[in-house]
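Undergrad: Quick one: the structure is below, and I'll ask about it shortly.
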Amino acid sequence: MSGTVTVWSWDVAAQALKRLAPAFENQHPGVHVKVVDIGYDNAYDKISVGLQSGSGLPDVLTVESDHMATYFSRFPKGFVDLAPAAQKYKNDFDPAKWAASSDQQGHLFSLPWDSGPVGLFYRKDVLKKAGVNPASIKTWDDYVRAGERVKAKTGKAMLIADVTNGDALFPMLLQQLGQSYFSADGKVAVDTPAAHKALGLMQAMQRKGLIDNEKGWDGLVTATKAGKAAAQPIAVWWSGTLTSEMPELKGKYGVMPLPTFGGQGAPTTNNGGSTLAIPSQSKNQQAAWAFAKFMLANKANQVSMMKKEGLFPSYLPALDDPFFHQPQPYFGGQPAYEVFASLVKKIPPINYTDDYSKASDVVNNTVASVLLNGKSVNGSLASASQQIASATGRQSAK
């Protein structure tokens, strides 16, 4: 094995790969690794152009999990099928992430990297002031009741969301119930009992003043710093934002699993996370696979990426490391990462399909019209289902 392995990535993911590349080179003396930070804003334009033209791509690509289905559906021969080499590692990875990288025939087009298990971050001081015991919040109905009490006692909301421009809350709630915008067999699934439950919950919270509507990421961070909400259902990577940008809130946060729908659904979902894929046009596929395996199917490297870059592993053996069970000072000594480590295996796998972005645009508008304009949940979801079916040529599921 020899030659150069060129890798495209961005931000902390690129930093992690650059940091660990020398260790890989030491194990493979004939191989040189070149990690290129291509920046997130232009990454998918560059990847799409390379797949369409059949040239210009590197040996290894970073691709977010929710983008993979679109790519391997549109370009079924664009990536190396990793299943023959990686199948023996299947049980060692987050099942939801493995499914997101696979097609219906069992081909695996990328190796899972980091996961985004979602839990509930809550302000211990605010809930205490309102007389709410966090342990009493088992269901979303409990959450709404707690929110009403918090609102009455403190004037604060129960979560922050960008309902004007689309938000992660609706798909998060859907995934809790084992569903995406599409069913397992690819039908449009936004006018289903699960979708009605999810949007109905959001509408109830909006009507009771429990959602603080803020614009985008900056709005979320600013409102959190200002203490506008008592809780936030969000992925584990939020801990990095809290510790780095809000050190003054140290000791005020706790974490717990998500409330469930009266015992239905999982106590978590997924938001974010990425993979490493090998384009078929790679001239050094053997070394590229060795690199991906070294980085992602490796306990020590995955623990290192969590400690240094905050990338929560999809590789399950890494979660046994003592680091994930240590008390975290920011969370008042609570072993916060242990909560998320216990949730990873419970994330429901869902079917993104290559039409996910088309559906997302329709759904975002639908959610906004229900929450901001008072439109009915039933009529809005029925209309959204028809729009998506028309735009994609897919049948609707009930």
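The values are calculated or read from the model by the stated rules, or taken from the named source; none is laboratory data. Every value quoted in this text rests on a predicted model; they were computed, and no experiment measured them. Don't worry about glycine lacking a Cβ; one is built from the backbone with ideal geometry, like all the others, and counts go over all protein chains shown. The protein model used for the area step is the full one, side chains on, heavy atoms only, and it has no ligands, DNA or RNA in it. Shrake-Rupley method; radii C 1.70, N 1.55, O 1.52, S 1.80 Å.
Undergrad: Among the numbered criteria (1) closer than 14 Å to A161 by Cβ; (2) polar (S, T, N, Q); (3) open to solvent by less than 20 Å² (accessible area, probe 1.4 Å), which single criterion is violated by T192?
TA: All conditions are met except number (1).
Undergrad: Something else now. Of all residues in segment 69-98, which are closer than 19 Å to M295 by Cα, assigned to a helix (DSSP H, G or I) and open to solvent by 30 Å² or more (accessible area, probe 1.4 Å)? Let's see the steps before the verdict.
TA: Here is the first cut: in segment 69-98, the ones closer than 19 Å to M295 by Cα are 79-95, 97-98.
Next, only the ones that are assigned to a helix (DSSP H, G or I) stay: 83-92, 95, 97-98.
Answer for segment 69-98, where residues must be closer than 19 Å to M295 by Cα, assigned to a helix (DSSP H, G or I) and open to solvent by 30 Å² or more (accessible area, probe 1.4 Å): P84, A85, Q87, K88, Y89, K90, N91, D92, P95.
Undergrad: Just to be sure I understand the filter: pairs with C-beta atoms under 9 Å, separated by 6 or more residues or on different chains, first member in segment 234-250 and closer than 17 Å to D218 by Cα, second member surrounded by fewer than 22 Cβ atoms within 10 Å (Cβ to Cβ) and among the charged types (D, E, K, R). Which pairs pass?
TA: Listed by first residue and then by second, the contacts come to G240/E309; L242/K250; T243/K250; E245/K225; M246/K225.
Undergrad: Okay, next question. Identify, from the list P329, P349, P335, P317, the residue that is open to solvent by 30 Å² or more (accessible area, probe 1.4 Å), in contact with a helix residue (DSSP H, G or I) (Cβ under 6 Å, 6 or more places away or on another chain), over 30 Å from F170 (Cβ atoms) and touching a residue at least 24 places away in the same chain (Cβ under 8 Å). Can you show your working first?
TA: Working: P329 fails: in contact with a helix residue (DSSP H, G or I) (Cβ under 6 Å, 6 or more places away or on another chain); P349 fails: over 30 Å from F170 (Cβ atoms); P335 fails: touching a residue at least 24 places away in the same chain (Cβ under 8 Å).
Just a single option satisfies the conditions, and that option is P317.
Undergrad: Does segment 99-110 contain at least one residue that is free of Cβ contacts under 8 Å to residues at least 40 places away in the same chain, surrounded by 19 or more Cβ atoms within 10 Å (Cβ to Cβ) and out of contact with any helix residue (DSSP H, G or I) (no Cβ under 6 Å at 6 or more places or on another chain)?
TA: Let us first name the residues in segment 99-110 that are free of Cβ contacts under 8 Å to residues at least 40 places away in the same chain, namely 102-108.
Now restrict to residues that are surrounded by 19 or more Cβ atoms within 10 Å (Cβ to Cβ): 102, 108.
Next, from what is left, pick out any that are out of contact with any helix residue (DSSP H, G or I) (no Cβ under 6 Å at 6 or more places or on another chain): 102.
Within segment 99-110, one or more residues are free of Cβ contacts under 8 Å to residues at least 40 places away in the same chain, surrounded by 19 or more Cβ atoms within 10 Å (Cβ to Cβ) and out of contact with any helix residue (DSSP H, G or I) (no Cβ under 6 Å at 6 or more places or on another chain).
Undergrad: Got a sec? Which of G227, G254 is assigned to a loop (DSSP other than H, G, I, E, B) and not aliphatic (A, V, I, L, M)? Break it down stepwise before answering.
TA: Values: G254 fails: assigned to a loop (DSSP other than H, G, I, E, B).
Only one candidate passes the filter, namely G227.
Undergrad: Here is a further query. Taking Q104 as meeting all but one of (1) closer than 26 Å to W237 by Cα; (2) in a loop (DSSP other than H, G, I, E, B), write down the number of the exception.
TA: With (1) closer than 26 Å to W237 by Cα; (2) in a loop (DSSP other than H, G, I, E, B) applied to Q104, the lone miss is (1).
Undergrad: If you scan segment 145-184, which residues turn out to be part of a loop (DSSP other than H, G, I, E, B), open to solvent by 10 Å² or more (accessible area, probe 1.4 Å) and in contact (Cβ under 8 Å) with a residue 12 or more places away in the chain?
TA: Of all residues in segment 145-184, those part of a loop (DSSP other than H, G, I, E, B) come to 155-156, 158, 162-168, 177-181, 183-184.
Then drop every residue that is not open to solvent by 10 Å² or more (accessible area, probe 1.4 Å), which leaves 155-156, 162, 164-168, 177-179, 183-184.
Residues satisfying the conditions are K156, D162, T164, N165, G166, D167, A168, L177, G178, Q179, S183, A184.
Undergrad: Here is a follow-up. Just need a number here: residues in segment 12-42 that are surrounded by fewer than 19 Cβ atoms within 10 Å (Cβ to Cβ), closer than 18 Å to N301 by Cβ and under 26 Å from the mean Cα position of the chain (by Cα).
TA: The total comes to 4.
Undergrad: Hey, can you tell me all the residues within segment 24-56 that are over 20 Å from S314 (Cβ atoms), assigned to a helix (DSSP H, G or I) and of a type in the set (A, V, I, L, M, F, W, C)?
TA: I47, V49, L51 - these are the residues of segment 24-56 that are over 20 Å from S314 (Cβ atoms), assigned to a helix (DSSP H, G or I) and of a type in the set (A, V, I, L, M, F, W, C).
Undergrad: What single numbered condition from (1) of a type outside the set (D, E); (2) within 30 Å of V33 (Cα to Cα); (3) modelled with pLDDT of 95 or more fails to hold for G240?
TA: That leaves (3) as the condition not met.
Undergrad: Y315 - would you say it is at negative phi, touching a Leu at 6+ places or on another chain (Cβ under 8 Å) and of a type outside the set (S, T, N, Q)?
TA: Numbers: at negative phi: yes; touching a Leu at 6+ places or on another chain (Cβ under 8 Å): yes; of a type outside the set (S, T, N, Q): yes.
Spelling it out, Y315 is indeed at negative phi, touching a Leu at 6+ places or on another chain (Cβ under 8 Å) and of a type outside the set (S, T, N, Q).
Undergrad: Which ones in segment 135-163 are at pLDDT below 95 and either out of contact with any Leu (no Cβ under 7 Å at 6 or more places or on another chain) or aromatic (F, W, Y) (or both)?
TA: Within segment 135-163, just D162 meets the criteria.
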